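What follows is calculated from the coordinates using simple rules that are stated; it is not laboratory data. Quick caveat, the model's predicted, so the values are computed rather than measured. Positions of Cβ are backbone-derived with ideal geometry, glycine not excepted, and every protein chain shown enters the neighbour counts.
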Amino acid sequence: MSVKSLNHIGIAVRSIDEQRAFYESALGLEFEGFEDVPSQKVRVAFFRAGNVRIELLEPTEPESTVAKFIEKRGEGLHHLAYTVEDLQTRIDELKQSGLKMIDDQPRTGAHHMQIAFVHPKSSFGVLTELCEPSPQK
Ligand code: ZN
């Protein structure tokens, strides 16, 4: 297993609108756009910070895992996402090494990336996402 780079940092927020000015105006990060990710019941806003994106995750439904996260732990740092190649192979390697995965198979996340989450019990409390950018972009 070897990670290519840090892809993005996910931050759980109640309202993107409320926080957008902080990232865009105060910090001066380039706003890249919104995206709805129905599979995770979130609306996402992306900001670019060099080679890394900041991903604000706003729950669209109360049963979204992000909504539950905010209820339990408040707004703030939610996950780190690393770029990998051959995601399914990486998932299989991690499982063989004894780690628990939330996703045994890649699913489609924002930016049409294939993503999979490592279970926080296997990543020492830091929710960890592996993502494989789609070949066309
Ligand atoms: Zn993410």
Report summary line: Rounded to the nearest 10 degrees, the helix 87-96 long axis (Cα) sits at an angle to the longest Cα principal axis of the chain of 60
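Translational diffusion coefficient of the chain at 10 °C, 1.306 mPa s, Stokes-Einstein with Kirkwood Rh over Cα pairs, in µm²/s as a whole number.
For these conditions, the coefficient is 104 µm²/s.
Is there a quick way to get the dipole size of the range 5-137? I mean about its Cα centre, with the Cβ of Lys and Arg at +1 and of Asp and Glu at -1; what is the value in debye to the nearest 20?
Charge dipole, the range 5-137, about its Cα centre: 340 debye, nearest 20.
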Query raised in the report: Which of these, PHE117, PHE31, PHE46, has the largest mean-square fluctuation under a Gaussian network model of the chain (Cα springs below 10 Å)?
Result: PHE31
Report summary line: With R₀ set to 30 angstrom, the calculated FRET efficiency between the beta-carbons of LYS68 and GLU35, to the nearest 0.05, is 0.90
Requested in this report: Please identify, among GLU24, GLU35, GLU55, the residue showing maximal mean-square fluctuation in a Gaussian network model of the chain using a 10 angstrom Cα cutoff.
Outcome: GLU24
Report task. Whole Å is fine, so just give me how far the alpha carbon centre of the range 43-59 lies from that of the range 3-23. Result -> 4
Query raised in the report: Relative to the present Cα-Cα distance, how much length would full extension add between ARG14 and HIS119 at 0.36 nm per residue of separation?
Result: 35.5 nm
Report summary line: Computed over all unlike Cα pairs, the Kirkwood hydrodynamic radius of the range 21-63 in Å stands at 11.0
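Per residue Cα convex hull volume for the range 43-97, in cubic angstrom?
Expressed per residue, the convex hull around the Cα atoms of the range 43-97 is 131 Å³.
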Query raised in the report: For the chain, what does -39500 (n - 2.57) per DSSP helix run (n ≥ 4), summed and divided by total residues, give at 222 nm, in deg cm²/dmol to the nearest 500?
Result: -5000 deg cm²/dmol
